[in-house]
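The values are calculated or read from the model by the stated rules, or taken from the named source; none is laboratory data. Just so you know, these numbers come straight off a predicted model, no measurement behind them. Neighbour counts are summed over all protein chains in view; Cβ atoms, including those assigned to glycine, are modelled from backbone coordinates with ideal geometry.
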Amino acid sequence: MTDDTAPTRRRAPSARSLATRARIFDAAECLFAERGFDGASLRDIAAAAGTTAGLVGFHGGAKRDMFRAVIARRAEALGALRLAALDAHLAKGADLRGVLGCCLGPIVDKAANGGPQWRAYARLMATVSADPRWRDVSKAYFDPVSARFITEIARLFPTAPRSAVAQAYVFTISACLALCTARWRADALSGAPIPGSGLSSLLNFCEGGMRRALAG
């Protein structure tokens, strides 16, 4: 006599299946970054991944579901890096530049040194931040970490309303993503490649602007 209440055991995905999924998500990440959500089709993603549209749908679902899953794939790891840096900084005391370094440093480092997939992801972060139709994606994957940084910045400026801190934070993140995705513009306007990651100049800019916006 069998026990109908026993849970069904699912077979773990094979190495081949996991490799196919990673290849599909890598292709989707690059195409969404290059062409935008509307300009990239599931067939385009399948062609770039060297697989079929059916397998793309199997691993990622409909295109909107795929876009959301691509954003989610790196959000947890990036958020963990930023929060771990923040916790380590706060354990030694808090100052604005240090908090901003914890907030922006991991993003800049991944975009500069993490390879083409992380550079594509930075462009997707900029897309999600700029387009209200991805409000639910921002809320799910970016807002919890953002709220933590806004809270810590607000502690440093106790007379500033939280709305002002939130606005300054959005300006700061926008500047960071501009550095990560449009560094070529700064190089072109300067007439030569700018050395380094640009993080120090970014922190100077954001710290000065934030102090001016919130201190008064």
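Results, tabulated for the structure shown:
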read-out	value
Meets criteria (more than 16 Å from the chain's Cα centre (by Cα) and in the same structural domain as residue 152 (by TED's automatic domain parsing)) for residue 104	no
Test: residue in region 183-198 that is surrounded by 13 or more Cβ atoms within 10 Å (Cβ to Cβ), free of Cβ contacts under 8 Å to residues at least 40 places away in the same chain, under 19 Å from residue 98 (Cα atoms) and of a type outside the set (Lys, Arg)	no
In region 87-109, the residues that are touching a residue at least 40 places away in the same chain (Cβ under 8 Å), surrounded by fewer than 20 Cβ atoms within 10 Å (Cβ to Cβ) and of a type outside the set (Lys, Arg)	90, 94, 95, 96, 105, 109
Test set (1) among the charged types (D, E, K, R); (2) closer than 21 Å to residue 115 by Cα; (3) in a loop (DSSP other than H, G, I, E, B) - residue 26 fails condition number	(3)
In region 164-216, residue nearest to residue 110 (Cα to Cα) [restricted to those that are hydroxyl-bearing (Ser, Thr, Tyr) and part of a helix (DSSP H, G or I)]	181
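Listed here are the residues, each with its yes/no results for (1) assigned by TED's automatic domain parsing to the domain that holds residue 120; (2) at pLDDT below 95; (3) more than 29 Å from residue 173 (Cα to Cα); (4) out of contact with any Asp or Glu (no Cβ under 9 Å at 6 or more places or on another chain).
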| residue | (1), (2), (3), (4) |
| --- | --- |
| 2 | no, yes, yes, yes |
| 9 | no, yes, yes, yes |
| 19 | no, yes, yes, yes |
| 33 | no, no, no, yes |
| 54 | no, yes, yes, yes |
| 68 | no, no, no, no |
| 83 | yes, no, no, yes |
